[in-house]
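Worksheet: the structure to be examined is printed underneath.
The values are calculated or read from the model by the stated rules, or taken from the named source; none is laboratory data. The structure displayed is predicted, hence computed values, not measured ones. FYI the Cβ positions are ideal-geometry reconstructions off the backbone, even for glycines, and counts take in every protein chain you see. The area values use the complete protein model at the heavy-atom level, side chains included, leaving out ligands, DNA and RNA. Shrake-Rupley method; radii C 1.70, N 1.55, O 1.52, S 1.80 Å.
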Amino acid sequence: MSSEGIAVQTEAPTRGGRRGRRATDVPALVERARTGDARAVARLISLVEDASPALREVAAALAPHTGSAQVIGLTGSPGVGKSTTTTALVRALRARDLRVGVLAVDPSSPFSGGALLGDRVRMQDHAGDGGVFIRSMASRGHLGGLSWATPQALRVLDAAGCDVVLIETVGVGQSELEIASLADTTLVLVAPGMGDGIQAAKAGILEVADLFVVNKADRDGADQTVRDLRYMQSLGGRHSEPGHWRPPILKTVASRDTDNGIDEVLDRIEQHRQWLESSGEGHMRRSERAAREIEAIALASLRERMGDVHGSAALGALADRVVAGESDPYRAADELLAQL
Ligand SMILES: Nc1nc2c(ncn2[C@@H]2O[C@H](COP(=O)(O)OP(=O)(O)OP(=O)(O)O)[C@@H](O)[C@H]2O)c(=O)[nH]1
Ligand SMILES: [Mg+2]
């Protein structure tokens, strides 16, 4: 981590280490984070990522300061240019004088150290700029992984005053659905060739996209990819309903410093933000997001308490009654739940 105000970490230090046992002054940490102190921001993210004992206190302390950041998700197949586009977006957002947070999330691969390091190197572009927080999160080994830690990290960046938080994740398996459930606006990146457009349709990416970005538009076949996407859109989907948002299809050359299409992407994101607000869809998405999070936490907590129940005398007693025909498993389960 540099001292100029940039938080760059590829992953959290080992859990249960010395740091885990040190008492944490959470309110002071949150206050420092709110002033834009990168070290405090990084430390808070580590706390939530590690599911530290201070987690509940952190969540409570952050809550009053959250809810203002605009969350933009970027997803797409490996190598389409997500990191390059993220970097270009950061530059453009900084030019608009906005404070930006970046979460580069690697869904699961234990072999991704290199890729994350690559991201990190490219992100150095912004080193020295106090208005940008960058964090790579590896979810390996973490129970619940991406879906669990990312919303917490998001809250930290939100409380730290980020106007915009960009979340980059590779579009494989569940991750694009998870990112879509986190983001206010989801960008799906595709590149010419590679049959990306078709893959996108297969993976259901078509449904999660609020905006399509055909990156590497300097390559042959970009217009064909645009046509493919437009054709697939014409086949229907939720966007074809009246009053609904029709995801624009934009071309970018993210690797170029100028004339790269990135400003138009930002303009369309802003249009989408306005639509989210005026249609009420934005509030609905955030509310659904919070509901899912509450459910997940409640389930995890229930599972934990059930763990305590396993092998307990109370459960044994209930089991004996079922064996004796004095109760049935359903009633016994109700009684068990009532005791929790
Ligand atoms: N020609 C061209 N190359 C690009 C463009 N954008 C990105 N690249 C290159 O494509 C390669 C992959 O870009 P990344 O930004 O790392 O792609 P990514 O989607 O983040 O990759 P993963 O995180 O590994 O999935 C790099 O070599 C970039 O320089 C573009 O618009 N045009
Ligand atoms: Mg990347």
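Solvent-accessible surface of protein heavy atoms, probed at 1.4 angstrom with all chains present, puts TYR330, TYR231 in the order TYR330, TYR231, largest first.
Each residue of region 289-297 was assigned a 3J(HN,Hα) from its phi angle through the Karplus expression (A = 6.51, B = -1.76, C = 1.60, θ = phi - 60°), giving 4, 5, 4, 5, 5, 4, 4, 5, 5 Hz with x at Gly and Pro. A 1.4 Å probe, protein heavy atoms only, puts the accessible area of PHE133 near 0 Å².
Ordering LYS216, LYS82, LYS251 from largest to smallest accessible area (1.4 angstrom probe), what's the sequence? Write down the numbers at each step before the final one.
Values: LYS216 50, LYS82 10, LYS251 95 Å².
From most accessible down to least: LYS251, LYS216, LYS82.
Sequentially through region 31-47, phi angles give Karplus couplings (6.51, -1.76, 1.60; θ = phi - 60°) of 4, 5, 4, 5, 8, x, 6, 4, 5, 5, 4, 4, 5, 5, 5, 4, 4 Hz, Gly and Pro residues having no value and appearing as x.
Packing-based ranking of 286-294, 256-264 yields 256-264, 286-294, ordered from highest to lowest mean Cβ neighbour count within 10 Å. Please report the spacing between the Cα centers of region 205-278 and region 300-324 in Å, no decimals. Region 205-278 and region 300-324 have Cα centres spaced 52 Å from each other.
Quote the relative contact order of region 215-325 in percent (integer), defining contacts as alpha-carbon pairs under 8 Å separated by 6+ residues.
Values: 46 pairs, mean separation 18.8, N = 111.
Once divided by the residue count of region 215-325, the mean separation gives 17 percent.
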